[in-house]
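A.B. asks: I have a structure I would like to understand better, so I am pasting it below and will then ask my questions one at a time.
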Amino acid sequence: MRRVGRWWLPMALLVVAGGLWAQTPAGGHSDALNYDPVVREGYEHFYNLDYDGALARFEQVLKAHPQDPMAMDYVLMATVFRELYHQDLLDTTYYAHDNFLTTKREVQVPSMTRARIESLMNDAVALCDQRIKANAKDKDAYFARGYARGMHAAFITLADHSFVTAAHQGLQARSDSEQVLKLDPEYADAKMAVGIQQFAVASLPRFVRVMVGMFGVGGNKEHGLELLREASAHGVVTSVESRTALSLFLRHDARYQEAIVVEEGLAKEYPHDYLFRLEEANLLKDLGNGPGAIASYKAVLADAERKGYFIDPRLQLAWFGLADTQRGQNEVQDAANGYLQAASQPNNSDWLRKRAELNAGEMLDLLHERDQAVKEYQMAAAGGGDQSQVELARRYLKTPYTGR
């Protein structure tokens with residue numbers, strides 16, 4: 001079961017996550033609303049991680065088009081990903097490793113936010129159902145329904161660990177997108193969900209497909225990557241996330257140099273997107289280029305000190321990644337300092353803060369600073385909030401960490 005984390009979860013996270021429009025006039029191969037100037041402006045804010053600015057614009061679009069499911073999808077997208085970002089759930093390191101499925105993390109989503117997400121999802125799907133019932137060839141309705149289902153799958157995967165439900169919603173998104181392509185083979189946005197599913201399903205062991213009820217669902221890695229490249233090149237609202245998925249899947253298959261090229265393109269296009277910049281460093285770390293990754297993390301942190309360069313940067317993610325890399329380079333003192341910095345960030349999620357405290361304690365034990373290490377373990381083991389680090393923290397309170 002633990003081996004499937006790298007394969008299954010990116011599928012659920014990225015099936016439909018938002019995107020950027022193509023800089024071309026509407027040509028009939030995408031919903032006309034996707035070309036609206038306010039929608040375009042909203043996406044600009046979204047991909048610079050200005051979620052509040054994006055939401056303000058998307059809410060304006062929804063107010064003007066209250067019966068358009070795509071308008072609902074824009075608001076759903078920004079609401080979902082703002083919450084995931086605030087929960088420190090959009091750093092791919094979290095779900096790119098095998099322990100994701102077994103983590104004990106509990107995510108406390110505000111009830112009003114959860115209700116808004118569920119309402120937008122249900123209303124968008126209901127509107128699409130009505131349109132499809134009235135016109136079985138309504139390609140925009142099929143796409144909007146799959147778009148909503150994919151974003152909801154992302155949310156329940158990362159926030160709730162509802163893996164089976166998310167997998168089924170991902171399959172529904174794929175089915176909707178396949179229907180779009182039957183009606184219009186040039187509807188490039190629809191290729192993203194199909195491409196992601198093609199790659200992800202091809203990567204799943206047979207027993208996992210049986211476990212989540214994916215009977216008879218086929219997949220092909222290279223075909224999936226090719227569909228993602230097509231959506232990246234020609235998608236109106238799926239270009240950016242198709243490249244994000246492409247980078248992630250290349251990373252999964254240890255094709256790090258190819259993934260870095262994709263991610264560098266995203267970071268160049270959106271230099272103020274904190275997550276794209278962070279992923280460059282993550283990929284260098286995975287590649288085994290420790291010094292390069294350290295330099296990249298430090299560059300991100302240096303830019304974060306420039307007033308207004310990033311919007312609401314989650315510096316704990318960069319500090320934690322830097323510390324992990326320094327730990328791998330046996331730079332124990334620097335790693336300890338990095339974990340302590342990660343733990344001290346004011347906008348930290350309780351989960352990441354306690355992880356940083358535990359890791360800081362381990363480094364301090366290696367430095368023979370036992371009293372300080374104990375303080376970190378005590379904070380990681382404290383009651384209330386996230387409890388995923390308690391077991392290890394209590395173990396090291398009894399016996400110092402030795403690196404084994």
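A.B. asks: With the requirement that a residue be closer than 20 Å to A343 by Cβ, assigned to a helix (DSSP H, G or I) and open to solvent by 50 Å² or more (accessible area, probe 1.4 Å), what does the stretch 286-322 give you?
C.D. replies: Matches in the stretch 286-322: K298, W319.
A.B. asks: Quick one: which of A54, A22 is modelled with pLDDT of 95 or more and of a type in the set (A, V, I, L, M)?
C.D. replies: A54
Each row is one residue, and each column tells you yes or no for (1) basic (K, R); (2) open to solvent by less than 20 Å² (accessible area, probe 1.4 Å); (3) modelled with pLDDT of 95 or more; (4) not in a loop (DSSP other than H, G, I, E, B).
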site	(1), (2), (3), (4)
L62	no, no, yes, yes
Q67	no, no, yes, no
E106	no, no, no, no
C128	no, yes, yes, yes
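A.B. asks: Next question, about the same structure. Would you list the helices (runs of 4 or more DSSP H) that sit entirely within the stretch 326-404 and hold 3 or more residues that are over 31 Å from the mean Cα position of the chain (by Cα)?
C.D. replies: Result: 350-366, 370-380, 390-398.
A.B. asks: Being part of a helix (DSSP H, G or I), surrounded by 19 or more Cβ atoms within 10 Å (Cβ to Cβ) and at pLDDT 90 or above is the filter here; which residues of the stretch 228-241 pass it?
C.D. replies: The answer is L228, A231, S232, H234, S239, V240.
A.B. asks: Follow-up. Scanning the stretch 242-261 for residues that are assigned to a helix (DSSP H, G or I) and out of contact with any helix residue (DSSP H, G or I) (no Cβ under 6 Å at 6 or more places or on another chain), which turns out farthest from L283 (Cα to Cα)?
C.D. replies: T244
Yes/no per residue for (1) in contact with a Lys or Arg (Cβ under 8 Å, 6 or more places away or on another chain); (2) at pLDDT below 90:
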position	(1), (2)
Q198	yes, yes
A202	yes, yes
G213	no, yes
N220	no, yes
E226	no, no
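A.B. asks: So which residues in the stretch 157-188 are acidic (D, E) and crowded, with 20+ Cβ neighbours inside 10 Å?
C.D. replies: If the condition is that a residue be acidic (D, E) and crowded, with 20+ Cβ neighbours inside 10 Å, then D176 is the only one that fits.
A.B. asks: Looking at D98, D73, D88, which is the one that is at pLDDT 95 or above, of a type in the set (D, E, K, R) and open to solvent by less than 70 Å² (accessible area, probe 1.4 Å)?
C.D. replies: D73
A.B. asks: Counting only residues that are within 18 Å of F310 (Cα to Cα) and under 16 Å from the mean Cα position of the chain (by Cα), which one in the stretch 249-273 is surrounded by the most Cβ atoms within 10 Å (Cβ to Cβ)?
C.D. replies: Here the answer is E263.
The values are calculated or read from the model by the stated rules, or taken from the named source; none is laboratory data. Since we're looking at a predicted model, the values are computed, not measured. FYI the Cβ positions are ideal-geometry reconstructions off the backbone, even for glycines, and counts take in every protein chain you see. Please note that ligands, DNA and RNA were not included when accessible areas were found on the heavy atoms of the full protein model with its side chains. Shrake-Rupley method; radii C 1.70, N 1.55, O 1.52, S 1.80 Å.
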